[in-house]
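Enquirer: I'd like to ask some things about the structure below.
The values are calculated or read from the model by the stated rules, or taken from the named source; none is laboratory data. Everything numeric in this text was worked out from a predicted model, so none of it was measured. Ideal geometry is used to build each Cβ from the backbone, glycine not excepted, and the neighbour counts take in all protein chains shown. Calculation scope for accessible area: heavy atoms of the full protein, side chains included, ligands and nucleic acids excluded. Shrake-Rupley method; radii C 1.70, N 1.55, O 1.52, S 1.80 Å.
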Amino acid sequence: MKRLILYILAFAGAVIFLVPLLWTVSTALKTRQQIFDMPPTWIPIAYRAPDSSNTMQPVTVVRKIKPPAAEVSLLAGPQLGQTIAVEQSALTIGNGQEYVKLRAPEPVPARIISLFPDGLAVVRFPDAPQNAFMPLTALQSHFAPQWRNFSAAWNSLPLPFHWFLLNTYTITMLNVIGQLLSCSLVAYGFARFRFRGRNALFMLLLSTMMLPAQVTMIPLFIMWSKTRAIDTFIPLTLPSFFATSAFSVFLLRQFFMGLPKELDEAAMIDGCGPLRIWWQILLPLSRPVLITVGVLTFLGSWDDFVGPLIYLDRLRNYTVSVALRIFQDQYGSDYSLIMAAALVHIVPVVILFFIA
Amino acid sequence: MLDQTLETPVTGLTPRAAPLPVWRRRKGRRNAPGPRDRWGYLFIAPWIAGFLIFTAGPMIASIVISFTDYDMKTMRPVGVGNYADLIWRAGPAGGHGDEQFYKSIWNTFFYALFSVPLGLTGSLLLAVLLNQKLKGLSIFRTIYYLPSLVPAVASSLLWIWILQPDSGLLNQALGWLFRHPLAPLHLTPPAWLQNENWSKPSLILMSLWGIGGSRMIIFLAGLQGIGDQYYEAARIDGAGPFRTFRHVTLPLITPVIFFNLVLGIIGAFQAFTQAYIMTGGGPNNSSLLYALLLYQFAFDRLQMGKASAMAWILFLILLIFTLIQFNSSKKWVHYEGADEG
């Protein structure tokens, strides 16, 4: 009984957490009309004219061409009045009227222009001269994810999204490499050497975690603009090579201290210098914590908005997060496009999460 | 070249020169720095350089700038002018400080006051749930963790759409609920981000979506660190699940709660992206968070001096909060081993 309640709670929680994400995916795949459906619908659908295939259509035979074919004029259906050629075997006679069994035609897509509460809709068919007014139930609905929302979103800024993805990826990878190298080096220094002032320096390092970024934000901006580094990736990547992530240093140091010191000593006896001990002994043994630090740095850098917002000016240098901001300005109410673009930002992180 | 220098026995501990007795001696005096330990400075040098260039230097510069009027072109010393303008001098009536500044402080306190405790409680409850022996735990954990992976800009865009007053998912659900024949009250769903009274609750609500993230993982690690003997003792004493939680689990994870609380408050006071993307501070400054106003001062109005003064006021506020927490922690944070026996 108690376990049942726990399962219900866990399941309800999972639903609540997932709904916004599923809603994003669902919105990104819907037509512009469908996203405003009331009540909301989850499955992206599109409408078609009622199916006219495999139904018998009344016709008058215009003339018989070289058997076994005939030219007939349609008396009903969406192609009313048109003259088409059919095989004679498709013609049947019933109640003194000739019918033709049409092969399944291309379904005619229908676009809902407006929808009224009682289920009536103004519908436009591509070839029809005017809009039709009919109950929605008269139309055929089918599962139709609008993949082109993604291609539309991808190309709707002056530069395509892979440009921004590549920028973000470059910055992120430089940060990951920089933090991994510098933080592990510093952590090694703190973990394995007993120099004077070590503990005080380490406390200083930890206390920088509590320093609000706003305090250094403005002087750093001034510094980068005086060195003409604004609108380059330098302000967003160079600091990473100086072990600016105190938390990463802390994690790595804790891990290094857990590794037996005898390893270092054995290597030292074999003539290994301190730098080689770090590179060849400690780092290979620290895979799990290096992955953790790498993933955390990746997430933080991929997510970063304030940095690119402050330091990047031209669109060609934008990361995905600031490009999304421009996107929002231009396509504010086109939610299916915005959700498609947001997914472009989300998906790489989720993929990384499942790999790591 | 560098390698060669490193290969030379700095320590004097090549096998030939220094046989075992040297090791033994060093083991006996672990705290005495040897000559090899000077290498430590070299290894932490990147951080020291980084700290000086990217933290300490800018901090000093920031203090100086906060006492000037600086628009990236000309710098003019104004003494405590920026602080005075913000705290007591400016304002429509010629006094009482900057109206937006106080509004942003109020907004940020309001935001932190709800998002931090609610978030911590939520994270803790999720962690407790995931600490039970349920099947499919890893699936649940993944699902709870997923929202915290969503980048801030993307999740802001997502929530703008969910909180959209007319066709947003939340209001459609609420509308259905409120119009239900069995609903006791006939309420109308709020306009969320577009309403002065609801914009802050919207940001808080959105922040709660991420409670399954790193904070929950830290709680979970704390819970898993509690030894079985405590639960065993509680069971023998006849305590039910709620009393066990109240008197065993809760006291034992107070260090983790403390850690999450300190970092949570610091994080909440720096919240920026959501407000910037979702509301821009509106309507009527109701969601103007402190970090957003600071950004506007610095990069929209180019009042670098005032923005730096705001940064230092933020620093002081956070310092006071952190000190209060550290002081009060003696009363409510239990460290295992410290109060045993």
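Enquirer: Among all helices in chain B defined by DSSP H, which have a length of 20 Å or more along the axis from Cα atoms plus a Kyte-Doolittle mean of at least -1.0?
Expert: B:99-130, B:254-269, B:304-332
Enquirer: Mind checking the mean number of beta-carbon atoms from other chains within 10 Å of the Cβ atoms in A:235-245?
Expert: Per-residue shielding by partner chains comes out at 4.
Enquirer: Testing the spin-label approximation: label points 7 Å from Cα along Cα→Cβ at residue B:230 and residue B:96. State their distance in nm.
Expert: So the two model labels end up 5.0 nm from each other.
Enquirer: Nearest 100 Å² is fine: how much accessible area is buried between A and B, summed over both sides, with a 1.4 Å probe?
Expert: The buried area between A and B, both sides summed, comes to about 8400 Å².
Enquirer: Applying a 10 Å radius around every beta-carbon, put A:300-307, B:242-249 in order of their mean neighbour count, most first.
Expert: Final packing ranking: A:300-307, B:242-249.
Enquirer: Could you work out the local net charge near residue B:70, counting Lys and Arg as +1, Asp and Glu as -1, over the other residues with Cβ closer than 11 Å to its Cβ?
Expert: After counting each charged neighbour, the total is +1.
Enquirer: Report the net charge of residues surrounding residue A:307, where surrounding means a beta-carbon distance below 15 angstrom and charges are Lys +1, Arg +1, Asp -1, Glu -1.
Expert: Cβ neighbours under 15 Å give a net charge of -3.
Enquirer: Could you tell me the center-to-center distance, by alpha carbons, between the range A:189-260 and the range B:290-305 in angstrom?
Expert: 25 Å
Enquirer: Now for a separate question. What whole-number value in Å² describes the accessible area per residue of chain B for a 1.4 Å probe?
Expert: 51 Å²
Enquirer: Here is a further query. Name the residues of the range B:55-83 whose accessible area falls by at least 20 Å² when all protein chains are present instead of the chain alone, probe 1.4 Å?
Expert: Buried-area filter returns B:55, B:58, B:59, B:62, B:65, B:70, B:72.
Enquirer: Another question, if that's okay. Can you give the local net charge around residue B:97? Use residues other than it whose beta-carbon is closer than 9 angstrom to its beta-carbon, Lys and Arg +1, Asp and Glu -1.
Expert: The answer is -2.
Enquirer: Take peptide B:316-328, look around each residue's Cβ out to 10 angstrom, count Cβ atoms belonging to other protein chains, and average those counts.
Expert: 1
Enquirer: Moving on to the next point. What's the average, rounded to a whole number, of partner chain beta-carbon atoms within 10 Å of each residue's beta-carbon in A:269-278?
Expert: 5
Enquirer: For the range B:104-153, what does the alpha-carbon gyration tensor say about shape, rounded, prolate or oblate, given a ≥ b ≥ c as the root eigenvalues, a/c under 1.5 as rounded, and a/b over b/c as prolate?
Expert: Cα axes put the range B:104-153 in the oblate bin.
Enquirer: Can you bin chain B into rounded, prolate or oblate? Criterion: square roots of the alpha carbon gyration tensor eigenvalues sorted a ≥ b ≥ c, rounded for a/c under 1.5, prolate for a/b above b/c, oblate for the rest.
Expert: oblate
Enquirer: Of A:2/B:135; B:73/B:103; B:133/B:330, which ones are farther than 24 Å apart at the Cα?
Expert: Where the Cα-Cα span goes over 24 Å, the pairs concerned are B:73/B:103; B:133/B:330.
Enquirer: Can you give the percent of C-alpha pairs in the range B:293-339 whose distance is more than 15 Å?
Expert: Of all Cα-Cα distances in the range B:293-339, 59 percent exceed 15 Å.
Enquirer: Expressed as cubic angstrom per residue, what is the convex hull volume of the alpha carbon set of the protein assembly as shown?
Expert: With only Cα atoms used, the protein assembly as shown gives 278 Å³ per residue.
Enquirer: Would you mind telling me the share, in percent, of accessible area of the protein assembly as shown contributed by carbon and sulfur at probe 1.4 angstrom?
Expert: In the protein assembly as shown, the share of accessible area belonging to carbon and sulfur is 64 percent.
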